[in-house]
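J.: Let me begin by handing over the structure; questions about it come next.
The values are calculated or read from the model by the stated rules, or taken from the named source; none is laboratory data. All of these numbers come straight from a predicted model, not from anything done at the bench. Neighbour counts are summed over all protein chains in view; Cβ atoms, including those assigned to glycine, are modelled from backbone coordinates with ideal geometry.
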Amino acid sequence: MISLALLPFLLTVADAFTGSPSLNFLKTSIIPCHGASTLLRESVGSTDEQQSKVCNRRRSLVLGAGGGMFSGFFNSENANASNPDSAGKFKSKGSTNEIVKVVNGIKHRRLGGSGVVVSEIGLGTQRWVSSDFNAPDENACFGFMDEAILKSGVNLIDTAESYPIPSGGGAKEGDSERLIGKWMKDRKVNRENVVIATKITGGRNINPKNIRANCDGSLKRLGTDYIDGKLLSQESTITTF
Amino acid sequence: MDCPPTHNVAFSISTLLVYQLHWPQRYSPQANWGQSLKYNLETDEDQYWRSLGGPTSFENICLSMEELVQAGKVRGWGLCNDNAYGLTACTRTAKMLGTTPPCSIQGDFSIIDRKSEENGVAEAASKYNENVGFMAYNALAGGMLTGKYMEVPAAFDDLANKERAMKSLNEPRGRMDTRGWGSTLYRYRTDAAQQAIVEYGKIAKANGMSLTELSLRWCRQRTLLTTTLVGHSNVSQLKDTLKYFAKKEPLSEQIMWDIDVVHMRNRLPLFSSNRVGRDWLGEGEIGESIP
């Protein structure tokens, strides 16, 4: 049984993905879902997880009913006590780790309460183009991103301003970010389809001035001056997650 | 659908960037790097941390990150190598200020390093509490969980067989055989870690899969994890990883149980050492001050 309330949501996801010319060979498979619309967050899941989730849901429905019966006994202020989003301007987009979609068999999960959705496997880049004896060179790294992001269902790359490690010789800090920027430009990748997690160096380096300046430095190395307006407009719906 | 944004806006939102603090702004026991789990007040009293009014406040971090969010430069921000205190301090400060809370925390995590599930991070990160995602790194423990150092130990663990150790150094199979990483990544090669790896290798073999596959698929099934970050040296390794992550079947309950049984023998193998000496500034090889 597919919840009717969920259908427009799913179509939006599918449209957003298949509409991308640079990635139109990516097949976004939206798996059929069970459950009532009130369980929307949990109702997009893999077939394997469904059995146990259906059971859990039944259990939680039973417990939920009990909780309602006895709720008068508890402090009613408790309702939002553990919800960190109940005050302030920030509104959570949903639950962390909820499966939002499946791309080429790889699950994509919400990252915290944000609108960012990441594949459950991401590319680690610490040693890309580093001075290690067996470090993958630029050509190999382009191959990793082609394989994982363009041909498979991966959308996450994790890097840092201090990568590659180890640096030295021909390898210098910032090269990992530059490499990713170069690849996105070369492959004309729609940036809305790739999540890049990067890092500001820690400890006493972290202060308001550096957070501003170093972020600009990372953005520059990642090459955000490249933009494909046409793709962006087609993908704008995806930000509603 | 809305019209395409103007170029200025388009510039700023063109990248889905998650901006993380590589390690905390403050002193905190760098347990993720195999150093002490113990908070050391004397270290925190050091001028490195106390000068210039001490580390940047959580308030200033939250406000600075909010500036980046409002400018459209980042979609979210997060923490790395931090703990339940840093995580909760950030989310609660953001709540108080009405700013965007961190969406992620990243840490060392693998079948031989389950501490984040058991030290309050998982509880803090839960959707029922601070609702923060978790990114696991070193899920293959610096290559140890590929099993390639199982028969012939890494060069530095093979001193009883000097000839073989020299051969490993000269023809390294991976990072563990090199001088730099070999000592930095010692934590994955403690006796306790290596004993656990042997046991996990047996479980993998009994179930017709490689230790790498067992280790990565185990990660995928942990409720704490939003994503597992994996580094590769060549594209054939990457293809294997992708194959494991595309598998529909979870590891069976029996396999998960067998793994738990091994885990219970030593829940912190990375932080155990049989090679502690007074020789390294009173620290053991693991880099941890002797309590």
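J.: What are the residues in segment B:100-136 that are surrounded by fewer than 22 Cβ atoms within 10 Å (Cβ to Cβ) and in contact with a Gly (Cβ under 9 Å, 6 or more places away or on another chain), if any?
T.: B:LYS115, B:LYS127
J.: Any chance you could count how many residues in segment B:245-278 are without any contact (Cβ under 8 Å) to a residue 60 or more places away in the chain and either part of a helix (DSSP H, G or I) or surrounded by fewer than 11 Cβ atoms within 10 Å (Cβ to Cβ) (or both)?
T.: 15
J.: Under 6 Å between Cβ atoms, at least 6 apart or on separate chains: pull out the pairs that start in segment B:84-113 with a residue that is facing another protein chain (nearest Cβ under 7 Å) and end on any residue that is surrounded by fewer than 22 Cβ atoms within 10 Å (Cβ to Cβ) and among the aliphatic types (A, V, I, L, M).
T.: Pairs found: B:LYS95/A:ALA87; B:THR100/B:VAL69.
J.: Then there is this: Based on this model, can you work out whether A:GLU161 counts as at pLDDT 95 or above, surrounded by fewer than 16 Cβ atoms within 10 Å (Cβ to Cβ) and over 25 Å from A:HIS108 (Cβ atoms)? Let's see the steps before the verdict.
T.: Numbers: at pLDDT 95 or above: yes; surrounded by fewer than 16 Cβ atoms within 10 Å (Cβ to Cβ): no; over 25 Å from A:HIS108 (Cβ atoms): yes.
Considered against the rule, which asks whether it is at pLDDT 95 or above, surrounded by fewer than 16 Cβ atoms within 10 Å (Cβ to Cβ) and over 25 Å from A:HIS108 (Cβ atoms), A:GLU161 comes out as no.
Residue-by-condition table, conditions (1) more than 7 Å from every other protein chain (Cβ to nearest Cβ); (2) modelled with pLDDT of 95 or more; (3) not in a loop (DSSP other than H, G, I, E, B):
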{"residue": "A:ASN78", "(1), (2), (3)": "yes, no, yes"}
{"residue": "A:ASP85", "(1), (2), (3)": "yes, no, no"}
{"residue": "A:GLY115", "(1), (2), (3)": "no, no, no"}
{"residue": "A:VAL118", "(1), (2), (3)": "no, yes, yes"}
{"residue": "A:VAL129", "(1), (2), (3)": "yes, yes, no"}
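J.: Return yes or no: is A:LYS182 more than 7 Å from every other protein chain (Cβ to nearest Cβ) and crowded, with 17+ Cβ neighbours inside 10 Å?
T.: Details: more than 7 Å from every other protein chain (Cβ to nearest Cβ): yes; crowded, with 17+ Cβ neighbours inside 10 Å: yes.
The answer is yes for A:LYS182.
J.: Sticking with this structure for a sec: Kindly list the number of the only condition in (1) surrounded by fewer than 21 Cβ atoms within 10 Å (Cβ to Cβ); (2) farther than 23 Å from B:GLU171 by Cβ; (3) at the interface with chain B (Cβ under 8 Å from one of its Cβ atoms) that fails for A:ALA135.
T.: (2)
J.: Name the helices (runs of 4 or more DSSP H) wholly inside segment B:143-241 in which the number of residues that are within 14 Å of chain A (Cβ to nearest Cβ) is 2 or more. Break it down stepwise before answering.
T.: On the way: elements: B:162-170, B:179-184, B:191-206, B:211-220.
So the answer is B:162-170, B:179-184, B:211-220.
J.: Scan segment A:97-109 residue by residue and report those that are more than 7 Å from chain B (Cβ to nearest Cβ) and part of a strand (DSSP E or B).
T.: A:ILE99, A:VAL100, A:LYS101, A:VAL102, A:VAL103, A:LYS107, A:HIS108
J.: Let me spell it out: the conditions are (1) farther than 22 Å from B:ARG265 by Cβ; (2) among the small types (Gly, Ala, Ser); (3) surrounded by fewer than 22 Cβ atoms within 10 Å (Cβ to Cβ), and B:GLY147 meets all of them except one. Which number is the exception?
T.: For B:GLY147, the exception is condition (1).
J.: Can B:TYR137 be described as within 23 Å of A:THR159 (Cβ to Cβ) and facing chain A (nearest Cβ under 10 Å)?
T.: Numbers: within 23 Å of A:THR159 (Cβ to Cβ): yes; facing chain A (nearest Cβ under 10 Å): yes.
Yes, satisfied.
J.: Consider B:LEU63 against the criteria (1) closer than 21 Å to A:ALA160 by Cβ; (2) facing chain A (nearest Cβ under 8 Å): it satisfies all of them except one. Which criterion is unmet?
T.: (1)
J.: Out of curiosity, is B:LEU87 within 20 Å of the chain's Cα centre (by Cα) and surrounded by 20 or more Cβ atoms within 10 Å (Cβ to Cβ)? Break it down stepwise before answering.
T.: Values: within 20 Å of the chain's Cα centre (by Cα): yes; surrounded by 20 or more Cβ atoms within 10 Å (Cβ to Cβ): yes.
Spelling it out, B:LEU87 is indeed within 20 Å of the chain's Cα centre (by Cα) and surrounded by 20 or more Cβ atoms within 10 Å (Cβ to Cβ).
J.: Identify all residues within segment B:106-133 that are within 12 Å of B:THR226 (Cα to Cα) and more than 10 Å from the chain's Cα centre (by Cα); write none if there are none.
T.: Correct list: B:ALA122, B:ALA125, B:SER126, B:LYS127, B:ASN131, B:VAL132, B:GLY133.
J.: Which condition breaks for A:GLY143 when tested against (1) closer than 16 Å to B:VAL230 by Cα; (2) more than 8 Å from chain B (Cβ to nearest Cβ); (3) out of contact with any strand residue (DSSP E or B) (no Cβ under 9 Å at 6 or more places or on another chain)?
T.: (2)
J.: Please determine whether any residue of segment A:173-190 is in a loop (DSSP other than H, G, I, E, B) and in contact with a strand residue (DSSP E or B) (Cβ under 9 Å, 6 or more places away or on another chain).
T.: The initial filter retains those residues of segment A:173-190 that are in a loop (DSSP other than H, G, I, E, B), namely A:173-174, A:187-190.
After this cut, where a residue has to be in contact with a strand residue (DSSP E or B) (Cβ under 9 Å, 6 or more places away or on another chain) as well, the list is none.
Scanning segment A:173-190, I find no residue that is in a loop (DSSP other than H, G, I, E, B) and in contact with a strand residue (DSSP E or B) (Cβ under 9 Å, 6 or more places away or on another chain), so the answer is no.
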